[in-house]
Structure formats: structure tokens, C-alpha cells
1. Roughly what % of DSSP beta bridges within the protein assembly as shown run antiparallel, to the nearest 5?
2. Return the long-range amide H neighbours of A:TYR341 (sequence gap of 5 or more, or a different chain), with a cut-off of under 5 Å between placed amide H atoms.
3. Can you list the aspartates and glutamates whose alpha carbon is less than 17 Å from that of B:LYS256, not counting same-chain residues fewer than 8 positions off?
4. Find the accessible area per residue for chain A; the probe is 1.4 Å, ligands and nucleic acids are left out, and the unit is Å².
5. R0 = 30 Å: FRET efficiency of A:ILE144 with A:SER51, Cβ-based, nearest 0.05?
6. Taking only DSSP H segments of four or more residues, each worth -39500 (n - 2.57), what value at 222 nm results for chain B once the sum is divided by all its residues, to the nearest 500 deg cm²/dmol?
7. Just to confirm my numbers, what's the Cα centroid distance between the stretch B:1-58 and the stretch A:578-601 in Å?
8. Would you be so kind as to identify which of B:GLY211, B:ASN145, B:LEU172 lies farthest towards the positive end of the dipole of the stretch B:117-229, taking Lys and Arg as +1 and Asp and Glu as -1 on Cβ and the Cα centre as origin?
Amino acid sequence: MNIKICGLRESKNIKQIAALKPDFLGFIFYEKSKRVVKKLDKSILKYLPDSIKTVAVFVNQDLEEVTEIMNYYGFDYAQIHGNESPEYCKSLFLENIKIIKAFGIDESFDFYKLNEYKDFCEFFLFDTKDINYGGSGKTFNWEILNKYNIQKPFFLSGGIGLDNIDKVLKFKHPMLSGIDLNSKLETSYGYKSKEKTNKIIKIIHMKYIEPDNNGYYGEYGGAFIPEMLYPNVKELQDNYLEIINSENFVSEYASLLNDYAGRPTPLFYSESLSKKYSANIFIKREDLNHTGSHKLNNTLGQVLLAKKLNKKRVIAETGAGQHGVATATACALAEISCTIYMGEKDIKRQANNVDRMKLLGAEIVAADGGSKSLKDAINHAIREWINNPVDTYYLLGSIVGPHPYPDMVTRFQSVISREIKQQLKTKTGSEDPDYVIACIGGGSNAIGAFYHFINNEKTKLIAVEAGGKGVNSGKTAASITLGKKGIIHGSKTYLMQTEDGQIVEPHSVSAGLDYPGIGPAHAYLYDTNSIEVTSVVDKEALDAAFDFSKKEGIIPALESAHALAYLNKMKFKKNDVVVVNLSGRGEKDMEIYQEYLKDNNCKN
Amino acid sequence: MENRITKLFKRKNKDILSVYFTAGYPSLNDTVDIIDYLSKAGVDIIEVGFPFSDPLADGPVIQESSKKAIENGMTLKVLFEQLKDIRKITEVPLVLMGYHNVVLQYGEQEFAEICSQIGIDGAIIPDMPIEYYNDRVKKYFLKSNLSKIFLITPQTSDKRAELIDKQSNGFLYMVSSDSVTGANKSISDRTSYFKRINDLNLQNPRLTGFGIYNKETFDSACKYSSGAIIGSAFIKNLAENSLSFENVQKFIKSIKP
Ligand SMILES: Cc1ncc(COP(=O)(O)O)c(C=O)c1O
């Protein structure tokens, strides 16, 4: 969601607001506006952060004046806010000026006429209709915009402030791409309150689980990387959004998901579980995604991005081997070479996946150090990236690591909840369930399953961590439950650590959950009570896996079995609708299952 | 009191030898002895590493020494306790080097304060980005007269090198090649990078580090910077020889006769 702060004019205030990194800053050149700029310091625009686009606002102004001002200051956009004609916009368009065309909206507004403007504008902006051309501080009835069905993104404007931002964020429109803020943030005309602006920007970012421009979700996230990685990470930060939102990428990615991965994955109504728990239990079948887990959603996207960035080689870490297999698969398809780092312990316990990766043409490198599991594989991959910064793409498999990985992986996994919504609507008549339950290692399948339900009042989101041998046993991977704030793999988040800041070795029977940290988005969601975090121990997960296999004919991954196991600990109301995200299938865990069977012979 | 790093570079700005070791390695209580021996052997700057479990920018040698140091019981608290009287022993500039999480848990402000009490002159925290430092930490470092030493690498653009230079005091740590510590990538083909940075006429002196392990690599690093930093090679030496002044001196002499 783009955030535009409009009506600034004083240098000091401009600097203060720019430091909060909105996406657009607007300067009003309409003489009659109470916020018209007087002596705007040109040099200040030059020193704004690169990520901020600048906008000059005009009302029925002479074309030549507009061009002159645009050129003199070097504004990125002209916002045309009066009764200007399509021809007027066209002539600016022909001068290579990017246009945001604003319209005052009331009940009688004719959206059809916008067709004549749409080819000359980058955005529309819908404001409250007002004789003074904006700045009235009043809102309009946004429902009118349901009549707007042109494929051109728009900003919503008019009287938006802290008092009504919640309502704005509930308003949904497929073309809504930005929020324009002005008078409600002011302490006096043209002077924006730093505190209010800061607060509202945070609220907007969080609604969409988007980090701010520096990659922070509240205080979590960021990019705590050594300078050696700065150019690599910066290249990604600067380009990922533009590439993954480009038309070309969106359509290529969508067809890969449909035709290659086999999406949408089914949403299966489990009769036996529904009966057992007296509720309506649905299983989201990510195990049926190609390669057998949700991981492919992310790797298909990132490999496509790596190609667009002209990278010659992909490296990745893997724990359970599912991300490794998904990476090797996407790389095979894209004909790009691929090296996977995997902890020695995991190479042994997920041998089946190691064979698959090799068959897919990937090189497997054993990561040593630490407990020889997922954390160490990430360390190894990052060091390898430092050693090969130019043509190597690091494909992280969860919503961890430095910005932009958490956000990027979140975007690629959000397809899970998008589908759940549509499927539930068809199956139950309502798109919002009462509960979504997912296991959480780094947090990518969980964020994917939660994404479109976050901050929805009805749906409770439950993340199930790996309790290992027990949360207080010293052999656990319950990173939020036990964690303290710290920095791991370039990101500030909750992690298991000693008082001195040494990262504690995690333990879980499931290699994919065997990680001492958690994605920064989950840390924030946890702090703001947007998700509930709980845990189940190894044995509970194993038992749930057996139970589910026998009753449903689906052998779940040990990771996913953690989510299933939590059903046992819940109390449902009779008509509750519950979605469990079955993040992967269990073939990779056959050896562990066999061993458990042997050890528990009498019981099974 | 004037920062000892600043003072050093005023007096001398070529052939500076800075040596890194991991505190708590080989044994927990070797820290003060190693500092003492290095300073008597004529080292210009000493970098005292405080260990972290997951040192992302380090190769196998420093990974291993860090792991051992943690097992030996080294923590920042223990280290500061060991160093509390260090200024009675030596006036060589001392720089602490380690990872951000350890500093964060200790407290960024408290870290700066105790460094200043002890007489530490600078800190290298590779995963504390410059932007974060400016926003959150700089005020404490300035108050404690503590230099924050930043890295530049072959991939660092001119523009960013200039920005880093402006924010730094003490010296710039010029990473010799695209690598983690201890990799012996040849530095001879790095002259274009060294020259590029040299030509920027930065305000801070530069020391070259990563992959400096003998006289030859030291000398070639000194051609384009004020000196060089040796880490992994010294730690390897500690691992292979018993700790004594003679052994340390022998190692230093092999680099700077
Ligand atoms: C099937 C499956 N589920 C879950 C996970 C845990 O990762 P995340 O928390 O990122 O979904 C993994 C990781 O390997 C996995 O293979």
C-alpha cells in the first residue's frame, strides 16, 4: 500500500516527515490552497531518500507553468487536481510527465469518463468533492467506488486520519493502491505532526503486514548484515517490488503456480476430524503442491526473480530438505545451477530428500558447525554468498533473514490464504473461518495461511511451535515462547539465546522446525496479539501423524503434524470452521516414523 | 583524553600492524597475556574479539576459536572483568570486535560506557549497519570517545565508501577480497580495487584485512593502505604453539622483521 503525505512546505518539517519514509511526498502549487508552497528549497528534494517519490499538486494551472515547475524541481509526479481535460493530461504525458489525476467524488460521479484519462495517467486519486479542490478534511462515501472498474490503480484521499484509518483499512477495492494523507495529520496548515504521521504509517504498514522501507515490522526485522552483503541485499531491496509486481512477472508466476505447481491446492473437509472435534475441520492440502510442500510457492517466485536479475547460480539452505527440493526443482525448470547447504544431522535424517535433490541436479554441501541443522545451513549459505557476491542469488526458504526476504517470501506464500478464502466461500458461504492453525519454524507456511485473515476480527490465528522434548527441557525449538529479542541471520526478532547473546541450539524431531528464531513479522504479530503462539512436543506431533495417516489416508510431514496435534488441545464450539494448513507430505519422514513405530511396538 | 587510535595515526600512518585474536581462546584467562605479549612484540593496534555462536562474516578458523572460547566460558561480562586493569599494562590502542547480538544483550549504551571506563578505543561490529549506528548508537559512542570502525569491501561503491568514511572515525577496515575471514584469496589481483579506494582521498586512514597471513601479503597490503590486520593466521599460530611471549614475538617478527 502506497502512503502519500501531501501538503508539506517547510524544510525542517519535510525532513522530519521524509525520515518516516512514506512512499510519496506532495507539494501544493495551487495559489489558493492554504498549504501552497512559498519558498520551497530545491536542494532539499535532492537529498530525500531515493525510495520517496515527490509530487507537485496543481489546480487548473497553465500547462507551461506546470512543465516549468516540474522541470525546475525535478518532481517525479504531477498531481492534476482541478477540472483539467483529458487533452490537458495528454499534453503533459507527451512531455514525459507522470500524472496522478485527481477527481472529487460524490454520488453522481460518472466513472465512465475516466476512460478518456486512463492512458495518460499513472494513478487516479479519489478525493471528497469540494469547491476548494481538496483539503476539506472531509471523507466521502467510499462505497461509491464500487462502481469504479477500470484497470488503473488509485489513491484514496480526503479526511483520512488516525480516527478513521481503521475504517479505511477495512475498505477493499482491487485497484486501491495508495492512501493520501493531509489535513488530519497537521498541527497547522502545511505542517505535519511527526508523531501522528509516524503512527499512521505504522498502522497502514502493519495492516498489510508490510515492513516499512527499512524492513521493520514495528521494532522487528531490518537488515543487520555485514558490509560485505550490503550490495547484494541492497540490489534485492531496490528491485524486488518492482520486478515481482510487474505485469510480466505476475503472469509468468501465476501460470507456473497453476500449470507447474498444480495450484490451487484443494481445501479438504475432514469428516473424521470434524466428528472427533465436533467442529468443521478443513485441511489445506499444501502437501499436494508439486514437490510435496508449500515451499515451491516461494522458490518458483524467487528463481524467476533471480533470472530477471541475471544471476547465474542459486544457493539455498534447507532443513527438512523440502525447501532444498523445491529450490532444486525450480532451478532445474529454469536451467540455472543450484547448490544446497544442509546440516549434517539433517542430511542423515532426511536422506530421501537428499536423493531427490541430487536427482534434480543440485549439488549438496554439508554444513558443519553448531548442531549441524537448519541454523548452520543458513550460516553456511550466507558465508558462501559473501564469497560469491556478484552472480550468485541466495534463495532463502522462510520469512527470516535480512529485509527484503521476510516480505518477499510472505508475498509468495500469501497465495495459500488467498485460496483458502475463495474455497471457504464456496464451501461454507463465508470466506472467514474461526481458526487457522499452522506449524511454525521460520514461519513461511504460517504467514501464507494467515496472511489474508490478519486483523480480521473473526478469525483466530494459531501458530504451533516445535516444543521438542518439552518447552522447559532445554531441548526445544519454541522460539517465541522462550525467546528474547535479539538478532539472528540479519533480522531482529525473538530467538532462543543465553544471557550473553549466544544463540542456543534448538531441538525438534522435525528438521523443518528446528530453528532457534522466528520470522520478524510473527514477532510483531505476536506482540500485537494478532496471532496466538503455542507449542506441541515431539511425541504429540508423532502421534498426530499416525492418527491422521490412518484416519484420512494422508501421511503428513512431521512439521505439519505439529499443527494437527494442536487440535487435541483446543475446545471448539459446534459450528466453528477450522482450517489446518497441511504444509507438506510425510514421505521424507518415513525413517523417523518407522523408528517411532519400532519403539512403540506394543501400542501400535 | 585523546583516542589512542587517532593519536597513533597522527604519529604514524604506514606499515601499521593490527592483530586480532579471540578472547577466551585458547584458554579462558589468556586474554591479558596475549595483549601484553602482542604489545611488547611491537604490534600497533590490538583487536580483541568477543565470541559469538554464529559469526556470519568469519571463516572456519575464527568460527572454531569462537566456539572454543564460548565453551571456555567467555562472555562480554567476563571479558570486561579481565580487561579492567589493562591500561596499567599497555597504551596500545585496543579495539573490540564482535557481533551485534552480543552487544545488544549487554546493552548498547552500557557497552560504550564500560569501554570508555576501561580505556577501549574502538569497536568493530560487522553486522551493525551504518544507518542503525547513526540512529541508535552513535550518541553513546561519541560520548565514550569510542571509534566505530566500519568495513568497506571490493563491492562497496564509491558513493557508499564516501558515506562510510564520513561516518567513521579511527580507521576504515578495508576488506581485501570478496570473502569471509581466513580465506586466502589472492590479493595481488585486487590492485584496481585498492587503487579505486585510494583515489577517493578519504579522510580516514585505511587498514587492509582478511587474507593477510605473512610478510608478503602484509607488505602488499601496505602499498595501498596505512597497514594491515592479521586475524586467522595469528589464531592458527596460537593453536599450533604454546602461548608464550617468545612464540608471539616470533610470529610478529615473521611479518614485520
Ligand atoms: C513441510 C514443512 N512445513 C513447515 C516447514 C517449516 O518452515 P516454515 O515455518 O517456514 O513454514 C518446513 C520446513 O522445512 C516444511 O518442510
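The values are calculated or read from the model by the stated rules, or taken from the named source; none is laboratory data. Not measured: the values here are computed from a predicted model. Note: ideal-geometry Cβ built from the backbone for every residue, glycine included; neighbour counts use all protein chains shown. Ligands, DNA and RNA are stripped out before the accessible areas are found, and what is left, the full protein with its side chains, is counted by its heavy atoms. Shrake-Rupley method; radii C 1.70, N 1.55, O 1.52, S 1.80 Å.
1. Expressed as a percentage, antiparallel bridges in the protein assembly as shown total about 15.
2. Here A:ALA316, A:GLU317, A:THR318, A:VAL365 satisfy the definition.
3. By straight Cα distance, B:LYS256 reaches B:ASP15, B:ASP44, B:GLU216, B:ASP219, B:GLU246.
4. On the way: 23500 Å² over 604 residues.
Accessible area per residue, chain A: 39 Å².
5. Working: r = 32 Å, r/R0 = 1.07.
Here the calculated transfer efficiency is 0.40.
6. Values: 12 runs with 110 residues, N = 257.
The per-residue figure over chain B is -12000 deg cm²/dmol.
7. 52 Å
8. Highest projection toward the positive end goes to B:ASN145.
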